[in-house]
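Report on the structure given below.
Every number here is computed from the coordinates shown, using simple stated rules; none is lab data. What you are looking at is a predicted structure, and each value in this text was computed from that prediction instead of being measured. Positions of Cβ are backbone-derived with ideal geometry, glycine not excepted, and every protein chain shown enters the neighbour counts.
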Amino acid sequence: MRIGFVGAGAVGCHYGSKLIQSGEDVLLLARGAHLQALQQGLIHESEGERLQLAVDATDDVARLADCNVVVLSCKMTGLKELLSALQGCLSEDAMLVSLQNGVQAPDMLAEAFPDHAVVAGTAFIGVRLESPGHIIHSAAGGIRLGLWREGRGSALLPALNEALCAAGVASDIDADPAAMLWRKLLWNCGFNAITAITRRYAREVAANDETLQMVRAAMQETVALANELSVAIDASDIDRHIDVTLAMGPVKTSMWQDVEAGHVSEVDYMNGYVAERSESLGLAAPVNRMLTTLMHALTKAG
């Protein structure tokens, strides 16, 4: 099985490197200075260990034609453009996997590639791109996968899950991919924007009564929207997320990293999505709306 990671930044390179180390055939699709560095070897730091791995890295999308599994690991902000670039480049039997934040990516993949199997994925991981070709993994790394739509390549899902487990990744197949995606969105709506705004780690935000009140409010709005859309998440998921966060190490969220790097954040696909969708259905989501507005102001000012 050949696995291609498209938009192989920190997340794609982490999982790609784990699979390479376990003997899997992996292609990393990247560009610019990051690609040039990868072609000299991927530097992967994790748990005090530093490795330099020879990787197959390219910017030629045509090479994806040899991949049985294509994992989209770019940010949501670049997904639409990337899906357009992939048209006509994939094997007829390739299975597609989304690893984006938010809940919109699987439907975007399904629309762009109507004959292919689409798998929704969530990754709870602390990893950052330290410099081109150099990633630092700092926390967790588990993946959950769920079949979003049957199609060509559906039979590869168990094999991908087994390959990830064999590579030391805590991977599992979820029978309810919609709830799986919304649980990840729930954490992101609670913690991602507020950590970027306050420049405080998620565990610090969770340990402060005032900021925790805001976290809970954003999460409650997210649960209300999910339930309106018949997605089975509830208040117990909020409590579970907060308990896990209190035990986390000092990990910078993806949105905090984006603000520091001067990149466009994914807030419109997290808090912004919840605010807009809620308002369109007559639900109130003032905290998610406020966090979205503050993030827009912060990134414009920065």
Point to revise | Helix-only [θ]222 nm of the chain, DSSP H runs n ≥ 4, -39500 (n - 2.57) each, per residue, nearest 500 | key: -14000 deg cm²/dmol
Check your understanding: Rg/Rh for region 204-257: what does it come to with C-alpha atoms and Rh from Kirkwood?
Key -> 1.01
Practice item. Can you tell me the relative contact order of region 20-97? Whole percent, Cα pairs under 8 Å, sequence separation 6 or more. Key: 28 percent
Practice item. Quick one: divide the alpha-carbon radius of gyration of the chain by 2.2 N^0.38 Å and tell me what you get. Key: 0.96
Practice item. Mind pulling the angle between the C-alpha long axis of helix 271-280 and the longest principal axis of the chain? Nearest 10 degrees, somewhere in 0 to 90. Key: 60 degrees
Study note, to complete from the structure: Expected vector for region 50-65, Karplus 3J(HN,Hα) from phi with 6.51, -1.76, 1.60 and θ = phi - 60°, integer Hz, x for Gly and Pro, equals 10, 10, 10, 10, 6, 10, 8, 10, 8, 10, 8, 5, 4, 6, 5, 4
Point to revise | Inverse of mean 1/r across different Cα pairs in region 254-302, Kirkwood, Å | key: 11.0 Å
Point to revise | Net charge dipole size for the chain [Lys, Arg +1 and Asp, Glu -1 on Cβ; Debye, nearest 20] | key: 580 debye
Practice item. Only Cα pairs under 8 Å and at least 6 apart count here; give the relative contact order of the chain as a rounded whole percent. Key: 15 percent
Check your understanding: When Rg is the radius of gyration of the Cα atoms in region 153-193 and Rh is its Kirkwood radius, what does Rg/Rh come to?
Key -> 1.11
Point to revise | Under Karplus coefficients 6.51, -1.76 and 1.60, residue-wise ³J(HN,Hα) of region 194-199 in Hz, glycine/proline x | key: 5, 5, 5, 6, 8, 6
Check your understanding: How long are the three semi-axes of the equivalent ellipsoid of region 179-301, in whole Å, if each is the root of 5 times an eigenvalue of the C-alpha gyration tensor, listed from largest down?
Key -> 21, 18, 12
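Using the Cα centre as the reference, give the magnitude of the dipole from point charges on the C-beta atoms of region 179-301 (Lys, Arg: +1; Asp, Glu: -1; all else neutral), rounded to the nearest 20 debye.
In total the dipole reaches around 240 debye.
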Check your understanding: Put a dot 7 Å past each Cα toward the Cβ at A62 and E279; how far apart are the dots in nm?
Key -> 4.6 nm
Study note, to complete from the structure: Length gained if A175 through L53 is fully extended, taking 0.36 nm per residue and subtracting the Cα-Cα distance, is 40.5 nm
Revision key, fill the gap. Summed over the other residues with a beta carbon less than 12 angstrom from that of A285, with K and R at +1 and D and E at -1, the charge totals -2
Revision key, fill the gap. Simple SL model, points at 7 angstrom along Cα→Cβ for F124 and E45; separation in nm is 2.5 nm
Revision key, fill the gap. Spelling it out for D25: with amide H atoms placed in the peptide plane at 1.01 Å from N, the residues 5 or more places away or on another chain with amide H under 5 Å from its amide H are I3
Review point. How would you classify region 103-231 from its alpha-carbon gyration tensor, with a ≥ b ≥ c the square roots of the eigenvalues: rounded for a/c under 1.5, else prolate if a/b is greater than b/c, otherwise oblate?
Key: oblate
Point to revise | Residue (of V231, A202, A117) at the positive-pole extreme of the chain, dipole from beta-carbon charges | key: A202
Practice item. With springs only between Cα atoms under 10 Å apart, run a GNM on the chain and tell me which of K80, K18, K184 wobbles the most. Key: K80
**Study point:** Listed residues P250, C13, N161: farthest to the positive end of the dipole of the chain (Cβ charges)
**Key:** P250
Point to revise | Cα Rg over Rh - region 232-278, Kirkwood | key: 1.06
Practice item. Estimate the FRET efficiency between T198 and A140 by the formula 1/(1 + (r/R0)^6), using the beta-carbon distance for r and 22 Å for R0, to the nearest 0.05. Key: 0.50
Exercise for review: For region 68-81, take each phi angle, set θ = phi - 60°, evaluate the Karplus expression 6.51 cos²θ - 1.76 cosθ + 1.60, and give the result in whole Hz per residue in order, putting x for glycine and proline.
Suggested key: 7, 10, 10, 9, 8, 10, 6, 6, 4, 4, x, 5, 4, 5
Practice item. Report the FRET efficiency, 1/(1 + (r/R0)^6), for E162 and A232, where r is their Cβ-Cβ distance and R0 is 30 Å, rounded to 0.05. Key: 0.65
